[in-house]
Amino acid sequence: MRIFLAGAAGVIGRRLVPLLLGAGHHVVGTTRSMSKAELLLAAGVEPVVLDVFDGELLSQAVSAARPDIVIHQLTDLPSSLDPGQMAEARLRNARLRREGTQNLVSAMLASGTRRLIAQSIAWMYAPGAQPYSEGDPLDIHAEERTRAISVAAVTTLERLVCSSPPIEGTVLRYGRLYGPNTGSDIAGEAPSLHVDAAAWATLLAIEKSRAGTYNIAEPNAYLSIDKARRELGFDPDFRMDA
């Protein structure tokens, strides 16, 4: 299949690219950096340099790519998740989830692309009985400002992905990432997730053609991953060879 991977040079994108190519897919990948575009080209990706906030250019790129599936792996976080930069980065990331996702969906509707897989996060549930499942409410009444901003942005992203017919949307709620290029080699606060398992879950979502929302994390008391195991065949222990 032809795949348009938004955020191909990001933390998950870099681990996902070899899985997609290994499965025989043609990948058109976006980045904002010319130097990263060269790395994508060397890896076997057809690179596109653009800013997702430029809706017109993004729409042109999606139409030109003629994708069967669009994958949304866009984030705007500092390398190694430097605590001193995270407050500002969360605001940028929230805007990306709201406006960037809207632009991707608009570009898909204009091009006729019907399948969208997007990353979300798995620690935004409202207080309640644990473990949380995908049908439990998100914490839309959060009082802490930073969390409230993140929850609002995640809610917008998920609504756009899952409620923009005729697009069939899949939301993958990833745990907190660790592994290559994440800034940590060991699991931290639950729900945690190795970046390779995150990438593999995305490939599974393509192959299983499943719409809906999935918790993607390592086993923990905070949330249930039963649905992902059952419907996607997700295994949190998956690791790439290199």
Open item on the list: I'm checking my understanding of the structure. Among residues of segment 15-32 that are of a type in the set (A, V, I, L, M) and assigned to a helix (DSSP H, G or I), which one is surrounded by the most Cβ atoms within 10 Å (Cβ to Cβ)?
Closed with: Leu16
Task: Criterion violated by Leu172 - all others in (1) surrounded by fewer than 23 Cβ atoms within 10 Å (Cβ to Cβ); (2) under 29 Å from Arg95 (Cβ atoms); (3) touching a helix residue (DSSP H, G or I) at 6+ places or on another chain (Cβ under 7 Å) satisfied - done: (1)
- [ ] Looking at (1) at pLDDT 95 or above; (2) under 17 Å from the mean Cα position of the chain (by Cα); (3) of a type in the set (Lys, Arg), find the lone condition where Arg66 falls short.
- [x] (2)
Task: Counted residues, segment 96-117 - those being under 17 Å from Ala64 (Cβ atoms) and either within 14 Å of the chain's Cα centre (by Cα) or surrounded by 19 or more Cβ atoms within 10 Å (Cβ to Cβ) (or both) - done: 6
Open item on the list: With the requirement that a residue be hydroxyl-bearing (Ser, Thr, Tyr) and in contact with a helix residue (DSSP H, G or I) (Cβ under 8 Å, 6 or more places away or on another chain), what does segment 105-133 give you?
Closed with: Ser106, Ser111, Thr113, Ser120, Ser133
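For every residue, the table says whether it meets (1) modelled with pLDDT under 95; (2) over 14 Å from Ile121 (Cβ atoms).
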site: Cys162; (1), (2): no, yes
site: Arg173; (1), (2): no, no
site: Ser192; (1), (2): no, no
site: Ala197; (1), (2): no, yes
site: Ala211; (1), (2): yes, yes
site: Arg239; (1), (2): no, yes
Task: Any chance Thr113 is part of a loop (DSSP other than H, G, I, E, B), within 19 Å of Gly10 (Cα to Cα) and among the hydroxyl-bearing types (Ser, Thr, Tyr) - done: no
Open item on the list: Regarding segment 126-146, can at least one residue be identified that is in contact with a Gly (Cβ under 8 Å, 6 or more places away or on another chain), surrounded by fewer than 13 Cβ atoms within 10 Å (Cβ to Cβ) and at pLDDT below 95?
Closed with: no
TODO: Residues being closer than 23 Å to Ser59 by Cβ and surrounded by fewer than 24 Cβ atoms within 10 Å (Cβ to Cβ): count how many of those fall in segment 5-14.
DONE: 2
Open item on the list: Condition first: in a strand (DSSP E or B) and over 22 Å from Arg97 (Cβ atoms). Can you find one or more residues in segment 62-73 that meet it?
Closed with: no
Open item on the list: Please count how many residues of segment 33-49 are in a loop (DSSP other than H, G, I, E, B) and at pLDDT 95 or above.
Closed with: 2
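The values are calculated or read from the model by the stated rules, or taken from the named source; none is laboratory data. If you're wondering where the values come from, they're calculated on a predicted model, not measured in any experiment. All Cβ positions, even for glycine, are placed from backbone atoms using ideal geometry, and neighbour counts span all protein chains on display.
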